[in-house]
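Please treat every number below as a calculation from the coordinates, not as lab data. Everything numeric here is computed off the predicted structure, so don't read it as measured data. Because the Cβ atoms are built from the backbone with ideal geometry, glycine has one as well, and the counts that use them run over all protein chains shown.
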Amino acid sequence: MEKTFGTPARYYALYSSHIETPLGTMLAIADNTSLYLLEFTDRTGLNNEIQRLLEKTKATLTPEETAPLMTIESELQNYFAGTLKKFTTPLFLSGSPFQKTVWLELQKNPYGQTRSYKNLATAVGNPNACRAVAQANGANQLAIIIPCHRVINANGNLGGYSGSAARKKWLITHEKQNS
């Protein structure tokens with residue numbers, strides 16, 4: 001279909017908000033119904049992540065409050081206070097079918113408990129897919145809510161976390177102290 005001169009391009013609106021936490025500022029992006037992204041603002045590659053999200057959704061980004069943004073801000077406040085164990089903010093998962101399977105399985109991981117990449121790979125039906133599970137974990141755009149920080153190496157070492165190793169350790173300790 002040819003575009004007629006003067007006809008505006010179709011676009012979708014996403015909204016953003018900055019949320020202060022004890023571990024630093026987080027950026028939340030949502031539409032009017034679901035949260036698309038929640039990341040620490042100092043995450044390496046965050047600008048590229050945002051750009052890919054906007055290209056994929058063909059969206060514009062505006063700093064404005066929406067119901068999901070207000071909900072996640074309140075839930076994070078309660079999480080960091082140690083009173084929230086499970087998030088209820090509606091999520092929009094943007095990833096491959098395998099990534100979504102991993103992320104949904106991650107959400108089943110109980111508050112205050114860690115599991116290994118191998119355990120997670122087994123839970124999604126492919127015990128030899130530890131590396132693919134780790135990559136899906138790293139591609140998670142909903143920090144804390146999809147608790148990729150709860151995944152550790154089989155030997156008990158913390159392993160990687162795009163939000164920083166210090167934050168991962170803090171989150172795990174915080175959850176264990178409040179469970």
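Please report how far the C-alpha centroid of the range 30-66 lies from that of the range 112-179, rounded to the nearest whole angstrom. Cα centroid of the range 30-66 versus Cα centroid of the range 112-179: 22 Å apart. For the range 97-178, a simple Cβ point-charge model (Lys and Arg +1, Asp and Glu -1, everything else neutral) yields a dipole of about 100 debye relative to the Cα centre. Near Asn109, within a Cβ-to-Cβ distance under 10 Å, what is the net charge of the other residues, with Lys and Arg +1 and Asp and Glu -1? Net charge in that neighbourhood comes out at +2. Within the range 51-149, how many lysine pairs that are 8 or more places apart, or on different chains, have C-alpha atoms less than 23 Å apart? Going through the range 51-149 pair by pair, I get 9. Of all DSSP beta bridges confined to the chain, the antiparallel ones make up roughly 55%. Excluding Asn119 itself, calculate the net charge of residues whose Cβ lies under 12 Å from the Cβ of Asn119, where each Lys or Arg counts +1 and each Asp or Glu counts -1. My count for the surroundings of Asn119 gives +3.
Mind checking the range 9-98 for trypsin sites (Lys or Arg not before Pro) that DSSP puts in a loop (not H, G, I, E or B) and that have at most 12 other Cβ atoms within 10 Å?
Sparse-neighbourhood loop trypsin sites (Lys or Arg not before Pro): Arg10, Lys58, Lys86.
Comparing Leu35, Ala136, Leu76 along the charge dipole axis of the chain, the residue lying farthest to the positive side is Ala136, per the Cβ-charge model. Note on Asn78 and Ala166: the extension gain reaches 29.6 nm, defined as 0.36 nm multiplied by sequence separation minus the Cα-Cα distance.
Give me His149, His174 ranked fewest to most by other Cβ atoms within 10 Å of their Cβ, as a rough exposure proxy.
Working: His149 25, His174 17.
Ascending Cβ contact count within 10 Å gives the list His174, His149.
Compared with the direct C-alpha span, the chain from Lys58 to Ser34 gains 7.0 nm at full extension, assuming 0.36 nm per residue. When only the Cβ of Lys, Arg, Asp and Glu is charged (+1, +1, -1, -1), the dipole of the range 4-116 relative to its Cα centre reaches about 500 debye.
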